[in-house]
């Protein structure tokens with residue numbers, strides 16, 4: 001099991017140059033580069049300026065806005081407290097964020113198709129190489145020299161530079177990103193764990209991607225884990241312990257397939273729990 005504590009991290013600027021804006025991040029947890037279930041979990045903060053054309057991914061994405069508003073398309077936004085699931089192959093945008101501070105939890109991970117996910121290291125190296133041959137503007141890459149398409153989506157250009165081939169998008173499973181307002185879901189008491197309540201936000205694709213919120217009372221505990229899937233746990237509120245590790249608001253944990261972790265709360269706590277698609281052993 002791995003832990004990360006956002007409260008002990010500094011914001012790192014200059015991230016996602018292919019999309020523009022002034023994004024700063026706290027890299028909470030990352031997976032294994034090159035694996036089908038590679039992922040990264042970050043906190044992102046900016047003051048607007050992020051732009052991207054209508055686009056789609058060859059990976060899955062989950063966003064939860066903690067402060068401010070995230071633009072998804074003209075007239076469609078994700079607000080503080082809301083959660084969005086952006087499936088691989090499903091287009092959205094164009095995006096142009098308002099000039100106001102926004103903080104969001106962002107998960108990007110290999111999706112059900114087994115297309116994997118490019119690591120931050122790979123993305124930065126490919127972005128620097130492309131910047132020497134062209135310009136990223138408004139989320140689009142404009143090539144000025146070298147071989148390749150003269151104009152294309154910024155991330156797509158970065159992926160193709162990294163992988164040396166044309167990006168083939170997974171078949172589209174969902175018509176649109178799925179937006180959820182957890183405030184309108186009811187807490188359901190867990191009959192087996194005293195002091196625990198759950199909000200199941202959704203289960204997606206044949207690989208079982210799952211989004212759930214948990215609320216744990218003070219001096220209560222819950223054991224989390226799955227036999228064949230990786231769980232990512234993000235503390236939205238509260239504090240407590242997990243074995244010898246102390247956790248607090250905005251701590252995050254990676255629970256590998258087959259592992260179990262016992263979270264004990266010293267005070268009332270809330271968590272967002274994400275079950276990653278079970279694709280590590282995909283044929």
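Observations
- Longest to shortest principal axis, alpha-carbon extents of region 1-108, angstrom: 41, 31, 26
- Overall form of region 82-140 per C-alpha gyration tensor (a/c, 1.5; a/b vs b/c): oblate
- Peptides 133-139, 62-68, 229-235, 9-15 ordered by packing proxy, namely the average of other Cβ atoms within 10 Å per residue, highest first: 229-235, 62-68, 133-139, 9-15.
- Burial ranking of peptide ranges 272-279, 149-156 (average Cβ count within 10 Å, highest at the top): 272-279, 149-156
- Ordering of 263-271, 165-173 by burial proxy (mean other Cβ atoms within 10 Å per residue, highest first): 263-271, 165-173
- Residues of region 73-88 with an amide N closer than 11 Å to a point placed 7 Å from the Cα of residue 173 along the Cα-to-Cβ direction: 86-88.
- Helical runs (DSSP H, four residues minimum) scored at -39500 (n - 2.57) apiece and divided by the length of the chain put the mean residue ellipticity at 222 nm at -2500 deg cm²/dmol.
- Taking region 24-165 and dividing mean pair separation by its residue count, relative contact order in percent (alpha carbons under 8 Å, at least six apart): 27 percent
- With a Förster radius of 41 Å applied to the beta-carbon distance between residue 241 and residue 54, the computed FRET efficiency rounds to 0.35.
- Cα gyration tensor, the chain - rounded (a/c under 1.5), prolate or oblate: prolate
- Full-extension gain in nm, residue 76 to residue 191, via 0.36 nm per residue minus C-alpha separation: 37.6 nm
- Percent RCO, i.e. relative contact order, over region 85-166, from Cα pairs under 8 Å lying at least 6 residues apart: 20 percent
- Neighbour counts of other Cβ atoms within 10 Å put 69, 90 in the fewest-to-most order 69, 90.
- Seen through its C-alpha gyration tensor, with square-root eigenvalues sorted a ≥ b ≥ c, region 185-275 comes out oblate because a/c lies at 1.5 or above while a/b is not bigger than b/c.
- Normalising the average separation of contacting C-alpha pairs (under 8 angstrom, six or more residues apart) by the number of residues puts the relative contact order of the chain at 19 percent.
FYI, it's all coordinate maths here, none of it is from the lab. Quick caveat, the model's predicted, so the values are computed rather than measured. All Cβ positions, even for glycine, are placed from backbone atoms using ideal geometry, and neighbour counts span all protein chains on display.
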